[in-house]
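The values are calculated or read from the model by the stated rules, or taken from the named source; none is laboratory data. Computed from a prediction, not measured in an experiment: that's the story for all the values here. Using ideal geometry, Cβ is built from the backbone for each residue, glycine included, and neighbour counts are taken over all protein chains shown.
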Amino acid sequence: MKSVLERIKPKKEELVKIKEILKYLNSKIKIKDAKLELGGSGAKNTNLSGSHDVDIFIKFNYNQFKDQDISKILEKNIKHLKPTKLHGSRDYFQLKYNSYLIELVPILEITKSSQAKNITDISPLHTKYVKKHSKLVDQIRLTKAFAKAQDCYGAESYIRGFSGYVLEILTIHYGSFKNLVKNVAKWRSKVIIDPTKTYKNPLIEMNASKTESPLILIDPVDKTRNTAAALSIDKFNLIIKSAQKYQQNPSEKFFIQKEKIIPKNSYILEAIPLQGKEDVIGAKLVKILNYIKKQSELEGYKITTSDWSWKEKAKFWFKVKSDRLEQFRIRKGPFKDDLKNVQRFRKANKKIYLKGKNYYAKIPRKHKNYSEFIQNLIKDPNIKDNVKSIKIV
């Protein structure tokens, strides 16, 4: 694991850069009774090399600001930085500094979770919890790198995988990456993990809406939360299979993220996403993928492979069993003795015929092949309204 850690641990220059960013922002943001603090995995020392996302918390004094809109106060004081405003449970802000994407998150400074006015207020308590287990930071990095390489990392709605905090809790719970993988390979739904042993039976004692996920992982700093509530069954099963494969043949390849390969003879679409919150943009892109698949299948095309990727631009690809269908599609009509509806069916369709006890109609297809079909489909508002632009490549 030494060589893996050498690759995934942040380099000295990366850590220096984060300190430089914090110093720069401290010189630019001055709010009385509020202070800037590094947040996220950077604050916990569990961040991975190559990450250019930096979370900065602006902590407002609880007693003074608990009944105020701290997002508006922050916005007023950072106008000169020209940030992008993003809407969440509480508005927050993004800006770029060199090659880094910085999120400025306003929070109230609290000492216990019950004081929180917003879920983000609890984040520093998560940091405090993880830092109590500082001996495990490299083990946590291994877990994160493994989950990322297996396409299971991220709790955003378009991913529905494991958040960084969930992976931190799991590694701390099992004591090491090796022990975590060993146990994950044996997981079966539902898995219940309660690090602080708060509940006798979370399934009974917690709100039912919080226990629908295949993994129930009680937040050690907020007993009301299942930190894995956003996890999908697909990602849950995927990490189990990945852990089982790793157990059979441990290898460094399990920590290397693979580029998605587009199969030969696929139809490829390239899109420029809208601007905004990553979670929202990603959800729109997934919506496009699913809509194209559904409409293709309704038209009669059998999709054998489909997937997508997203960096600056998004790519979607679809491979069909046959890119040409019969000239007509068949629509089933009314029962032959249902004279009223048969008459309506005749008026609505030019080519009809009787087969058995029902009438059928031959409906001419609008498109000769899949290329024509998809070229027309991308003009649909359900697609074009969710991206800046989209085209076949």
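Would you point out which residue out of 342, 320, 280 is under 17 Å from the mean Cα position of the chain (by Cα) and either surrounded by 17 or more Cβ atoms within 10 Å (Cβ to Cβ) or hydrophobic (A, V, I, L, M, F, W, C) (or both)?
The conditions single out 280.
Restricting attention to the range 37-52, does a residue exist that is assigned to a strand (DSSP E or B), of a type in the set (S, T, N, Q), out of contact with any Pro (no Cβ under 9 Å at 6 or more places or on another chain) and outside the structural domain of residue 153 (by TED's automatic domain parsing)?
Start the filter on the range 37-52 by keeping residues that are assigned to a strand (DSSP E or B), which leaves 37-38.
Those still in the list that are of a type in the set (S, T, N, Q) too: none.
No.
Which condition from (1) more than 20 Å from the chain's Cα centre (by Cα); (2) assigned to a helix (DSSP H, G or I); (3) within 16 Å of residue 222 (Cα to Cα) is the one that residue 123 breaks?
It fails just one condition, (1).
Please go through the range 1-36 and give me each residue that is part of a loop (DSSP other than H, G, I, E, B) and either surrounded by 13 or more Cβ atoms within 10 Å (Cβ to Cβ) or touching a residue at least 60 places away in the same chain (Cβ under 8 Å) (or both), ordered by number.
Those that are part of a loop (DSSP other than H, G, I, E, B) and either surrounded by 13 or more Cβ atoms within 10 Å (Cβ to Cβ) or touching a residue at least 60 places away in the same chain (Cβ under 8 Å) (or both): 1, 9, 10, 29, 31.
Take the residues in the range 130-150 that are basic (Lys, Arg) and closer than 21 Å to residue 242 by Cβ, then tell me which one is nearest to the chain's Cα centre (by Cα).
148
Might you check whether a residue that is of a type outside the set (Asp, Glu) and either closer than 17 Å to residue 300 by Cβ or assigned to a strand (DSSP E or B) (or both) occurs anywhere in the range 337-349?
First, pick out the residues of the range 337-349 that are of a type outside the set (Asp, Glu): 339-349.
After this cut, where a residue has to be either closer than 17 Å to residue 300 by Cβ or assigned to a strand (DSSP E or B) (or both) as well, the list is none.
Taking every residue of the range 337-349 in turn, none turns out to be of a type outside the set (Asp, Glu) and either closer than 17 Å to residue 300 by Cβ or assigned to a strand (DSSP E or B) (or both).
Rundown of residues vs (1) of a type in the set (S, T, N, Q); (2) outside the structural domain of residue 285 (by TED's automatic domain parsing); (3) in contact with a helix residue (DSSP H, G or I) (Cβ under 6 Å, 6 or more places away or on another chain), yes/no style:
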{"site": "104", "(1), (2), (3)": "no, yes, no"}
{"site": "113", "(1), (2), (3)": "yes, yes, yes"}
{"site": "152", "(1), (2), (3)": "no, yes, yes"}
{"site": "166", "(1), (2), (3)": "no, yes, no"}
{"site": "171", "(1), (2), (3)": "yes, yes, yes"}
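What's the total number of residues in the range 374-388 that are in contact (Cβ under 8 Å) with a residue 40 or more places away in the chain, within 17 Å of residue 270 (Cβ to Cβ) and in a helix (DSSP H, G or I)?
Total satisfying the criteria: 3.
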